Amino acid sequence: MCCFDADVVEAASMKSDTLSYPPRGLSREEAARYVGVGSTLFDDMVADGRMPRPKHVNSRAIWDRVALDIAFSALPDKDNGLQQLLERSKREPTRR
């Protein structure tokens, strides 16, 4: 019978997790990829407040996916007319 280190067994079981759910916490690289930018631009966006600062768990910096969603939604849109169309559709009565 072979003996396994508990951490190795736990890590192996985590990798074989068959549930399909998005992680709540993201590394710096994952957070940058999640919002569609490179790591350097992401760092700039965190520094100037366009993206949130990370949470810290021991020595790890972890970005909250929900906070990233909120910050991303708050970014300005390039004027492509979509916002005006949406606002106009809210004002116009619906046709039946």
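Values quoted throughout were computed directly from the atomic coordinates according to the rules given, and no laboratory measurement underlies them. Predicted model, so just to flag it, every value in this text is computed and none were measured.
How much length is gained if the chain between D79 and E92 is pulled fully straight, taking 0.36 nm per residue apart and subtracting their Cα-Cα distance, in nm to one decimal? Intermediate results must be reported in sequence, preceding the final value.
Details: separation 13, 0.36 × 13 = 4.68 nm, distance 2.14 nm.
Full extension of this stretch gives 2.5 nm more.
In plain terms, the chain from R60 to R28 could stretch by 10.5 nm, reckoned as 0.36 nm per residue minus the Cα-Cα distance. Amide H to amide H distances under 5 Å link M51 with V46, where only residues 5 or more positions off or on other chains count and H is placed in the peptide plane.
Rg over Rh for region 24-75 works out to 0.92, using Cα positions for both radii and the Kirkwood form for Rh.
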